[in-house]
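Read through the structure below, which is laid out as structure tokens, and then see the notes.
The values are calculated or read from the model by the stated rules, or taken from the named source; none is laboratory data. All figures in this text were calculated on a predicted structure; none of them were measured in a lab. Cβ sites come from the backbone with ideal geometry, for glycine too, and all protein chains shown count toward neighbours.
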């Protein structure tokens, strides 16, 4: 399965009806270019599965991918296109053995050492963050910056840049070697979510 260019992370505190917002955001986009990640760590399994199935239906109807973060069991039950694991989560190779062939298995990374571990552990790709300052990533320390991203892309694992990503910054991230960009507020807080996603996609051109 090809790694999408844009990854949209959920946060239901910003958008209570995620499926409806996704419908708007994915309108008219080329198939296979976007993945929406269900990332709601405080939800119990039953509620998370319900949300995952609703989001998967929207994404698949639009020709896009749906990824579940952290919960391999929910990803399997919802028919997700992959799973995104925390850096201290189960090894990617173990997750891959349970998922359908071709599923994406991503890992959250915050350093070059994390990227090497994800690569050697069998990940298909990794998120590297925080590249720029962003409230959701301050717990992981100061931003690592564009040069750290550039260096990490040489380690042989496709990287998605996360942390303070905007449409204006996207071209710089792709120029530094990122295979994708990920955002939370850039699409959830946008008055026109479809335009916001198209702007992120344009950064790869």
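Go over the candidates 194, 152, 148 one by one and state the one that is farther than 30 Å from residue 21 by Cα, outside any loop (DSSP other than H, G, I, E, B), in contact with a helix residue (DSSP H, G or I) (Cβ under 7 Å, 6 or more places away or on another chain) and at pLDDT 95 or above. Show your work before the answer.
Working: 194 fails: farther than 30 Å from residue 21 by Cα; 148 fails: in contact with a helix residue (DSSP H, G or I) (Cβ under 7 Å, 6 or more places away or on another chain).
Just one listed residue meets the conditions, 152.
Looking at 89, 177, 164 in this structure, which one is in contact with a helix residue (DSSP H, G or I) (Cβ under 7 Å, 6 or more places away or on another chain) and in a loop (DSSP other than H, G, I, E, B)? Break it down stepwise before answering.
Numbers: 89 fails: in contact with a helix residue (DSSP H, G or I) (Cβ under 7 Å, 6 or more places away or on another chain); 164 fails: in contact with a helix residue (DSSP H, G or I) (Cβ under 7 Å, 6 or more places away or on another chain).
It is 177.
Being touching a residue at least 12 places away in the same chain (Cβ under 8 Å), touching a strand residue (DSSP E or B) at 6+ places or on another chain (Cβ under 7 Å) and closer than 24 Å to residue 120 by Cα: is that true of residue 73 here? Walk me through it before giving the result.
Working: touching a residue at least 12 places away in the same chain (Cβ under 8 Å): yes; touching a strand residue (DSSP E or B) at 6+ places or on another chain (Cβ under 7 Å): no; closer than 24 Å to residue 120 by Cα: yes.
No, not satisfied.
Select from region 20-38 the residues that are within 17 Å of the chain's Cα centre (by Cα) and surrounded by fewer than 17 Cβ atoms within 10 Å (Cβ to Cβ) and list them in ascending order.
31, 32
When you look at residue 76, is it under 20 Å from residue 17 (Cα atoms) and assigned to a helix (DSSP H, G or I), yes or no? Let's see the steps before the verdict.
Details: under 20 Å from residue 17 (Cα atoms): no; assigned to a helix (DSSP H, G or I): yes.
In short, no.
Of the residues in region 179-195, how many are in contact with a strand residue (DSSP E or B) (Cβ under 7 Å, 6 or more places away or on another chain) and without any contact (Cβ under 8 Å) to a residue 12 or more places away in the chain? Write out each step before concluding.
Filtering region 179-195 down to residues in contact with a strand residue (DSSP E or B) (Cβ under 7 Å, 6 or more places away or on another chain) leaves 179-184, 187.
Those left that are additionally without any contact (Cβ under 8 Å) to a residue 12 or more places away in the chain: none.
Here the count works out to 0.
To keep it simple, each residue is scored yes or no on (1) assigned to a helix (DSSP H, G or I); (2) buried (at least 19 other Cβ atoms within 10 Å of the Cβ); (3) modelled with pLDDT under 95; (4) in contact with a helix residue (DSSP H, G or I) (Cβ under 6 Å, 6 or more places away or on another chain).
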position: 105; (1), (2), (3), (4): no, yes, no, yes
position: 113; (1), (2), (3), (4): yes, no, no, no
position: 131; (1), (2), (3), (4): no, yes, no, yes
position: 138; (1), (2), (3), (4): yes, no, yes, no
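Go through region 19-56 and give me each residue that's assigned to a loop (DSSP other than H, G, I, E, B) and closer than 19 Å to residue 85 by Cα. Before you say what the answer is, go through the steps one by one.
Taking region 19-56 first, the residues assigned to a loop (DSSP other than H, G, I, E, B) are 26-33, 39-44.
Residues satisfying the conditions are 39, 40, 41, 42, 43, 44.
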